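Remarks on the structure that follows.
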Amino acid sequence: MANDVPITPEGLEAVRRELDELTTKRRPSIVAKIKAARELGDLSENFEYHAAKNEQGMMEARVKELEAIIKNHVLIENHNEPGVVGMGSTVRFAEDGEDEEMYRIVGPAEADPKAGRVSFESALGKALIGHRVGDVVQIKTPSAAYRVRITGIE
């Protein structure tokens, strides 16, 4: 199915929390801003009104995106072979002479490299999947290629 959205149980819960926040708190706040701006008169030159409408449009787009994730989610359960990197695995690895790094392999909807989560569709995710502790893996990016040694899998 093309609309499937692979996501971990934790990622799905975070999506649900964000959707709740947007629909119960931010939406009413933006509606109040728009109402207050309308009361200021001429809408054609009313910056507050246009800014609030723009904010509302971006928020509603995010709400639709989150609703689609919830509707089409497929949970990533860590049923991988023990000791083998798969979707849902947390992988520790190091490049020669560099500090060890750790990332969890997740679906694209919850990928956030700064928070330690990379998509299984990314160059790093694709390269690590299927390997074991001790394997040296070549990561190919559009600009370069480098090798890492897997030091741990959880």
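The values are calculated or read from the model by the stated rules, or taken from the named source; none is laboratory data. Predicted model, so just to flag it, every value in this text is computed and none were measured. Quick reminder, even Gly has a Cβ in these numbers, built from the backbone with ideal geometry, and neighbours come from all protein chains shown.
Brief remarks on what is shown
- Qualifying residue in segment 92-112 (condition: in contact with a Leu (Cβ under 9 Å, 6 or more places away or on another chain), surrounded by fewer than 16 Cβ atoms within 10 Å (Cβ to Cβ) and not hydrophobic (A, V, I, L, M, F, W, C)): no
- Scope segment 92-133; condition touching a helix residue (DSSP H, G or I) at 6+ places or on another chain (Cβ under 6 Å) and acidic (D, E); matching residues: E110, E121
- Flag for E39 being assigned by TED's automatic domain parsing to the domain that holds R147 and over 15 Å from the mean Cα position of the chain (by Cα): no
- Taken over segment 68-108, residues that are hydrophobic (A, V, I, L, M, F, W, C) and closer than 15 Å to G125 by Cα amount to 10.
- Of everything listed in (1) at pLDDT 95 or above; (2) within 20 Å of the chain's Cα centre (by Cα); (3) surrounded by 14 or more Cβ atoms within 10 Å (Cβ to Cβ), the single unmet condition for R17 is (3).
- Among the residues of this structure, G125 does not count as one that is under 24 Å from D4 (Cα atoms) and either assigned to a loop (DSSP other than H, G, I, E, B) or out of contact with any strand residue (DSSP E or B) (no Cβ under 8 Å at 6 or more places or on another chain) (or both).
- In segment 23-48, the residues that are in contact (Cβ under 8 Å) with a residue 12 or more places away in the chain and surrounded by 11 or more Cβ atoms within 10 Å (Cβ to Cβ) form Cβ pairs under 7 Å with partners that are of a type in the set (V, I, T) and outside any loop (DSSP other than H, G, I, E, B), at six or more places apart or across chains, as follows: T23/V63.
- Boolean, S89 is crowded, with 19+ Cβ neighbours inside 10 Å, hydroxyl-bearing (S, T, Y) and in contact (Cβ under 8 Å) with a residue 40 or more places away in the chain: yes
- Some residue of segment 88-100 being within 17 Å of A14 (Cβ to Cβ), under 16 Å from the mean Cα position of the chain (by Cα) and either of a type in the set (S, T, Y) or assigned to a loop (DSSP other than H, G, I, E, B) (or both): yes
- Subset of segment 128-154 [loosely packed, with under 13 Cβ neighbours inside 10 Å, in a strand (DSSP E or B) and among the β-branched types (V, I, T)]: V136
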